[in-house]
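Below is one structure, written out as structure tokens, with a few remarks after it.
Just so you know, all these numbers are worked out from the coordinates, no wet-lab data involved. Just so we're clear, the structure is a prediction, and the values are computed from it rather than from any experiment. Cβ coordinates were reconstructed from backbone atoms using ideal geometry, including for glycine residues, and neighbour counts include every protein chain displayed.
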Amino acid sequence: MTLAPSRPTDQRDPAHHAGPMVTVLTDRCAGCQECVVRCPTGALGMDPARWVARAEASLCVGCRQCVRTCPFSAIAVEGPMLVAERSALAAASPSSLPGDVAETRLGFASWDEALAEAARCLDCPDPTCVRGCPTHNDIPGFVRALAARDLDAAHRVLRRTTVLPDVCSRVCDQALQCEGSCSWSLAGGRPVAVGALERFVTERAPVPPPTPAHAALGGERGASLEVAIVGSGPAGIAAAWELVEAGAHVTVYDKAAKPGGLLDWGIPDFTLPSAVAERPWAQLVEAGVELRCGTAVSAEDLERLAAENDAVLLAHGAGVPVVPKVPGVDLDGVEDASTFLERAHVALTGRTRLADLDTAAGARNSAAVVLVLGAGNTAMDVARSARRLGARAVCVDWMDERFAPVRPDELDEARAEGVDVLFSSTVVALEGASGHVTRAVLATTRQERRDRRPEVLAGKTSVVEVDCVVLAMGYRTDTSLAAGQRDLPVVKSVEQYPDRRTVASGILANPAPPFARHQPVGRLALARESARVAAGFARAARVWVAGDALVGPSTVVEAMAQGKSAAVAILAHQPRRPGVAPLPPRHVVVVVDSVGGRTRSAATVIADILATTGASVETCRVEDATRSVLARADLLVVGSWTEGLVVAKVGPSRATRAFLDSLPPLPGLRSVVFCTFGVSPRGTLAAMRDALAERGAEVVASAAFGPGKLAERAAVFGHSLHSELWPGGDLDADLDGASRRGALRVVER
Amino acid sequence: MTILTEDDPASAPAPLPRAPAAGHVEPDPVAVAVHLRPAQRRGLVEHFAPTDPPRSLDVARHPVVARLLRNRRLQFLLILPNQIVFWAVILLGLLGTVVPGLNFGTAITWYLWFCLVFVMMVVVGRAWCAMCPFGGFGEWIQRRALWRRTQKALGLGRKLPEPIAQYGFLISVGSFLLLTWIEETFNIAGPGAPHATSWMVVGIVSSALVFFLAFERRTFCRYICPLSALIGTVGAMGSVAGFRTRDREVCVSCATKDCMRGSSSGYGCPWYTWPGSADSNLACGLCTECYKSCPSDNIGLFLQKPMTSVVAPSRRRFDVAWAVSVLWGLVIFQQVNATNIYASADGWLNRTLHMRYPDPVDYVGIIAGVALVMGGIAWVVQRVLARADVTVPAGGTGYLDRTSRFRMWFVPLMYGLIPVVGADYFARQLPKFFKHVPRLVPAIGAWFGAGSTHSSLYNLHLLANPRIVTVQVVVIALGTLAAVSTSWRIAGRDLAPLSSRPLAARLTAAGLALACGLAASILYVIMHAAS
């Protein structure tokens, strides 16, 4: 169904051309139909005589999806975007700030408002908003359901990818995610208010609790699994939800007294009310997740957990604050943001005051001054909480305001609430009396380019009287918990040749839409996706890591998406703790590099035999073996042709070597290697085995196929794998004794 | 280069990739939300059936060919020898002997290369484009790589603006006319002073480089290169169809079009061609990129019967029709200017206008005159033979998209003449080849101080007049026969349904081809008499 966008007639200029004008440049139009299949309104079709695209201008709304998706830039759209104005959302303005914990941003007040906004959605055939959303919510899907006033259906759509729609709709920076990637935004306009629509769904109908019945989709996939999760923040919530719905027994450990992690203490109530933040854990505990709060997990505990459980997920966040190297940072009254926010949360929700701020204020007979080091989003939360505690708040950040990573809306709100935000300014010393901080020495800085470090200008200093200093300069991951975390945090990165489908969707074609604050939404989405995929790979045998523990300080939605990704991987791999027999492979990925077709033939034969086990078998070229494909594998088969000069430089093909070199750690993954050769494989198999073993994979078999009888030898090898890895399975081929011996010989090579 | 020691022929396996069975793995959340509209298939089969080469003519099915085409160094190795030769042409033209016949630069360019280009054109199509050192050089710089697939292109990566690009191959025709005029002015191809040839090559290389740095892909080759329109139109006679889809349904349902956008294995088509819709070899530069980047191994390198790309395409281009008539005008000019009548007329004109050869007035005048005569003939033919009840289909607004009754007749008539135009260009190159190609040997010897104008090879003619004229007339006769045949077939398919007298339409088209052939033959005889 395509929702009809509003077409206000006043946007059309009757004196000239009515509405947008589409020009197909027929010299370059190759008739590939990339625009036709992606046009939201069906305004494009094919001219059968010339086989070039043809536009029906009266249907065009000017979203320019065609312009972004045409591979040859053979289409141009000029003229207005025919879409109604984006609904304006009301903002709460409390009459008296101190003690106020009411939400500052409000959702849609009525169905009419929500429906009007929903009608702006084009229901794009290749929705870029879905790619922009870190967890890939089916945004057009839930908006469609909302437009049909079916909130249950909207929740069903959302549940496929999120368990925190009420949280994310409040805390996400949609401008850099779904909304920034909306077709209207990519076209330079104002996107559909996706966040507000998602919030409307959750406000009008509560988020349904986890239910093992949901596992009807995948059966009791996790029925016999026991999983321990360390950390109860967004990543832990998503993983626990996914696993408990699949029937697994889940135990969650958190060192804090209350579950929720960052949701509980890290985000102030005026952004995320306690009722919303507490909702997931209330439902999870009800659904049977075992919750052990106040239980810190040490490295030794982790070993015990790994021995007692089938899988462990580390989602303990990034809790080590970055401490600036300035004198006086160890004085009393200097604390990190999470400590301050936690205390502020308790004080504000308990309607009490922070004793030390009160004391300071009493001693100086004026409002206490809280100096916040940093002017990012956490710093704004601290400063605004301080304002609500009755203090004066000053944020200092050495970056230039133009380049600061703070959300402009949060900065505006903070300033409106009376927070002093000093950019191009840094603390050079903290001074104190009787061990307590009392003064901060500030220096001016200068930063001329985004990619340059700010420089401190000599001689320009000033002094601020302070009562409390809060460090909000970022956090680091605590890597002390376990081995296998040495290479953490994972760096979010964009591959040199990005995912082909993402490229085709056109999200990369407008690299910096104005609504997204001129940020590259497409590349940001690809970078986030790399982390989501990375969460699907175990970091040590049967140990997964997700959320801030994996990538360093990040966002709620990314942590949730990674937690889900890890849970899906645990359910797919079905690991078994020591002493329990492992299950036979269920997801075989055959990766092959073939140049003339022989290696591919062998791979096809082997794949066909393995498919008779009932396992899903996916065969792809090395170029296409992306991490998301590999993450699914619990048996990896790698086949290569042998490259080299008969005796010199003989080894796996260049593409295979590149593939093996690019592999992530694959602890415990069962794998098989084979190669085809003309004269001699020499060290080809050994090189492949070594590369996999280096990443912790367990190479269970290998074989080299020479010239002649290729299909037969590959079949023998396939059957030997079949009997080796699927014991007791039906070996449907008529293998005689000689062939079986042949199989063993092949395997031994 | 790596020598491959395995992976020999085998029976064709199922194409990769193969997706896992549904239901086994968690569905990709993005894929769930994507619901592309169905691609339009109405008219697809009818449109492409006449131009699709048979599967048996896909040479890429042979594993050795497949392996070659898959190799990223292939293009580099094709371009490299020509690159070396043309830098040698530049250097030796400037530094070597001033005797044109003994200078390697002029000798190889005008006695051998130009003739070979026409042979490749007529037999293959854009074979030269696959090995062209001018585009090749620009492309190396633009890609910052000799053969590797890289992602960060050098230059501005602009698109040729549509107001210009809408004229398609006519821009290239224009630059060919300009280059020929420069060549006639400085007697470069005569060959005259060797440094003139060097400067011409430097001019082409540097303008190519400028365009490669300003625009994306092979904008220069597709639109600007002086030879592009000529190779494109005459190459339609060739027997290589180019890279085409093996199974069109796979291409139509492909959601990523790596052959156009590029993938880690290959660049997107530099020529703005999609193998899924190519219906002639007009814009296939044989660069193998689509073959390398297709994730479905669905692209083949197809041969075709000669003249297929002249006769079969159902999407004929107005720019190509004018290109044929203007190029015909140019070759006729070149023939006419070797006659006595022209010499006296040109002399009078030059005195009157105070100009010198080639006077742009008669240069442009004769070419435009011939082209307009061709247009005029088409106009008269449609006035006489068109059926009154045939309506002109609605067209677009761009130059290539507009429709008219004139276009409906002019375009097929001009396509039919391609073989005779091609034959005439080819015949024009023969005298230099037959008379002087042995000079290449002393010209190479001249590097080492061994070549001399007294050498027997320097003065050896493979053929001499009047035998050369005989060969030229035979070439024209063959071209005319082919043109009569193509005109007859094209008229039968495209013009007969528009005509009140279908047979007359076919006879007129064939007669026009015959008349063109006769005119060219007679001119060769007159030229010989003049010399």
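Values for this structure:
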read-out	value
Environment charge at residue A:524 (Cβ cut-off 12 Å; Lys +1, Arg +1, Asp -1, Glu -1)	+2
Most to least packed among A:714-722, B:118-126 [average Cβ atoms within 10 Å]	A:714-722, B:118-126
Label-point gap, in nm, between residue A:282 and residue A:711 - each point 7 angstrom along Cα→Cβ	6.5 nm
Flagged links, alpha-carbon separation over 30 Å, of A:255/A:564; A:255/A:492; A:649/B:257; A:649/B:292; A:709/B:305; B:152/B:305	A:649/B:257; A:709/B:305; B:152/B:305
Computed over the stretch B:300-370, Kirkwood Rh from alpha-carbon pairs, angstrom	14.7 Å
Lys/Arg +1, Asp/Glu -1 at C-beta; the stretch B:394-531 dipole; positive extreme among B:408, B:454, B:436	B:408
Gyration tensor verdict on the stretch B:363-458 (Cα atoms; rounded if a/c is under 1.5, prolate if a/b is larger than b/c, oblate otherwise)	prolate
Hz values of 3J(HN,Hα) by residue in the stretch B:193-206 - Karplus curve (6.51, -1.76, 1.60), Gly and Pro given as x	4, x, 5, 5, 4, 4, 5, 5, 5, 4, x, 5, 4, 6
Hull-based mean projected area of chain A, where the convex hull spans the alpha carbons, in square nanometres	39.4 nm²
Residue-averaged 222 nm ellipticity for chain A, from DSSP H runs of 4+ at -39500 (n - 2.57), nearest 500	-9500 deg cm²/dmol
Charged-residue dipole, Cβ positions (Lys, Arg, Asp, Glu), the stretch B:168-314 about Cα centre, Debye nearest 20	220 debye
Dimensions in Å of the stretch A:42-114 - Rg and Dmax from alpha carbons	22.0, 72
Computed over the stretch A:9-78: relative contact order in percent, which uses C-alpha pairs under 8 Å that are six or more apart	39 percent
Under 5 Å, built H, 5+ apart or other chain: amide partners of residue A:442	A:428, A:462, A:463, A:464
Helix A:710-725 vs. chain A, principal-axis angle (Cα, 0 to 90°, nearest 10)	60 degrees
Isotropic mean projected area of the C-alpha convex hull, the stretch B:46-122 (nm²)	7.9 nm²
Whole-Å semi-axes of the ellipsoid equivalent to the stretch B:44-314 (Cα gyration tensor, √5λ, descending)	32, 20, 18
Kirkwood hydrodynamic radius (C-alpha pairs) into Stokes-Einstein, the stretch B:147-186, 20 °C and 1.002 mPa s, D in µm²/s	163 µm²/s
Cα gyration tensor category, rounded, prolate or oblate, for the stretch A:278-347 with a/c compared to 1.5	oblate
Per-residue ³J(HN,Hα) for the stretch A:446-453, Karplus 6.51 cos²θ - 1.76 cosθ + 1.60, θ = phi - 60°, Hz, x for Gly and Pro	9, 9, 9, 9, 4, 8, 9, 6
Average beta carbon contacts from partner chains per residue of A:653-659, 10 Å cutoff	1
Global size of the stretch A:157-214 as Cα Rg and Dmax, reported in angstrom	13.1, 44
The stretch B:318-530, Cα convex hull volume normalised per residue, Å³	168 Å³
Taking the C-alpha atoms of the stretch A:587-748, convex hull volume expressed per residue in Å³	99 Å³
The stretch B:318-530: relative contact order as a whole-number percent, Cα under 8 Å and 6+ apart	25 percent
Gyration tensor (alpha-carbon) shape descriptor, the stretch A:427-538, a/c threshold 1.5	oblate
Whole-number percent relative contact order across chain A, with pairs defined as alpha carbons under 8 Å at least 6 apart	11 percent
For peptides B:211-222, B:194-205, sequence by mean Cβ density within 10 Å, most packed first	B:211-222, B:194-205
q = 0.10, 0.12, 0.19 Å⁻¹: log10 I(q)/I(0) that the Debye formula gives for the stretch A:334-476, counting C-alpha atoms only	-0.32, -0.47, -1.13
Cβ-isolated cysteines (cut-off 4.7 Å), chain B	B:115, B:129, B:132, B:221, B:225, B:251, B:254, B:269, B:284, B:287, B:294, B:516
Dipole in debye (nearest 20) - the stretch A:9-78, about Cα centre, beta carbon charges: Lys, Arg +1; Asp, Glu -1	200 debye
Residue-averaged beta-carbon neighbours from other chains (10 angstrom radius) around B:310-322	1
Value at 222 nm in deg cm²/dmol, rounded to 500, when DSSP H runs of n ≥ 4 in chain B each add -39,500 (n - 2.57)	-17000 deg cm²/dmol
Set of aspartates and glutamates near residue A:258 by C-alpha distance (under 15 Å), chain-local residues within fewer than 8 positions excluded	A:278, A:290, A:342
Built amide H within the under 5 Å cut-off of residue A:291, gap 5+	A:252
Over chain B - Rg/Rh using Cα atoms and the Kirkwood inverse-distance radius	0.99
The stretch A:236-310, Rg to Rh (Cα coordinates; Rh as Kirkwood inverse mean 1/r)	1.00
Inter-chain Cβ neighbour average for residues B:41-48, partner chain, 10 Å	3
Under 5 Å, built H, 5+ apart or other chain: amide partners of residue A:421	A:395
Ellipsoid equivalent to the protein assembly as shown - semi-axes via the Cα gyration tensor, in Å	66, 38, 31
In Hz, Karplus ³J(HN,Hα) per residue of the stretch B:304-316 (6.51, -1.76, 1.60; θ = phi - 60°; x = Gly, Pro)	8, 5, x, 6, 4, 6, 7, 8, 7, x, 8, 9, 8
Summed side-chain charge close to residue B:347 - residues other than residue B:347 whose Cβ falls under 15 Å, Lys, Arg +1, Asp, Glu -1	-1
Cα principal axis extents for the stretch A:9-78, largest first, Å	35, 20, 18
